[in-house]
1. Could you check residue 98 against (1) over 18 Å from the mean Cα position of the chain (by Cα); (2) farther than 18 Å from residue 31 by Cβ and say which number it fails?
2. What's the number of the only condition in (1) under 12 Å from residue 28 (Cβ atoms); (2) surrounded by fewer than 17 Cβ atoms within 10 Å (Cβ to Cβ); (3) among the small types (Gly, Ala, Ser); (4) within 13 Å of the chain's Cα centre (by Cα) that residue 127 fails to meet?
3. How many of the residues making up the stretch 37-69 are free of Cβ contacts under 8 Å to residues at least 60 places away in the same chain, surrounded by fewer than 16 Cβ atoms within 10 Å (Cβ to Cβ) and not acidic (Asp, Glu)?
4. So which residues in the stretch 70-93 are over 15 Å from residue 40 (Cβ atoms), outside any helix (DSSP H, G or I) and open to solvent by 60 Å² or more (accessible area, probe 1.4 Å)?
5. Filtering the stretch 109-123 down to residues that are among the basic types (Lys, Arg) and free of Cβ contacts under 8 Å to residues at least 24 places away in the same chain, which residue is nearest to residue 88 (Cα to Cα)?
6. Can you confirm whether residue 96 is touching a residue at least 40 places away in the same chain (Cβ under 8 Å), small (Gly, Ala, Ser) and surrounded by fewer than 13 Cβ atoms within 10 Å (Cβ to Cβ)?
7. Could you please find all residues in the stretch 133-148 being assigned to a loop (DSSP other than H, G, I, E, B) and either among the polar types (S, T, N, Q) or closer than 12 Å to residue 49 by Cα (or both)?
8. Looking at residue 128, is it part of a strand (DSSP E or B), closer than 14 Å to residue 51 by Cα and at pLDDT 90 or above?
Amino acid sequence: MKKRFAVMALVVLGSLRAEAQPLAPSPQFKASMDIAAALRSRDVAKVMDLLANDVVLLPPGRDLVGGAREVEALLKDFFGKNALEIAFSSLGSTGADKLGFDMGQYELTLKPEGGGAKTKTRGKYLAVYKQDEQERWRLGYLSWNSSEAPAPAPSPTPAPSPTPSPVK
């Protein structure tokens, strides 16, 4: 009886120490990480391969950019002026049928190519993916914005007070 109890105790204790197996990343999360890697390497062709032809970007502080040609021109211009470091952390992703999403947080550091100070920002993103005919997940829509408070607007300079005219 004691021997059987000892064996049972070892089995139970052994299972308690077993580590939980992490869930496999979703295909949408993998797609976001592929885009991040292509952005880090400044590989416009690779980024474009991961986007839907009718992709729409909703960047902060500017109008939306739609279509593969417009996005490609934007990327070429951006990479021609900046080096970047980017890190993503997904807060959740999933998909059903031909649509999916990945949402999370990012940290972005930009360094102008012509010199100048680095700028660092952190924020959040929502990426919507569409599955193409080959069942590859391609970025359809991307919206992101900073989590940091905007810089305060400069206070207006008071108008100079009129100088009194001499009394005659």
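1. Of the numbered conditions (1) over 18 Å from the mean Cα position of the chain (by Cα); (2) farther than 18 Å from residue 31 by Cβ, the odd one out for residue 98 is (2).
2. Among (1) under 12 Å from residue 28 (Cβ atoms); (2) surrounded by fewer than 17 Cβ atoms within 10 Å (Cβ to Cβ); (3) among the small types (Gly, Ala, Ser); (4) within 13 Å of the chain's Cα centre (by Cα), residue 127 violates only (2).
3. So the count comes out to 13.
4. The answer is 91, and nothing else.
5. Going through the qualifying residues, I end up with 120.
6. No.
7. Of everything in the stretch 133-148, those that are assigned to a loop (DSSP other than H, G, I, E, B) and either among the polar types (S, T, N, Q) or closer than 12 Å to residue 49 by Cα (or both) turn out to be 134, 136, 147.
8. yes
The values are calculated or read from the model by the stated rules, or taken from the named source; none is laboratory data. Just so it is clear, the structure is predicted and the values come from calculations on it, not from any experiment. Cβ coordinates were reconstructed from backbone atoms using ideal geometry, including for glycine residues, and neighbour counts include every protein chain displayed. Each accessible area value is taken on the protein alone, full model and side chains, heavy atoms only, with ligands, DNA and RNA left out. Shrake-Rupley method; radii C 1.70, N 1.55, O 1.52, S 1.80 Å.
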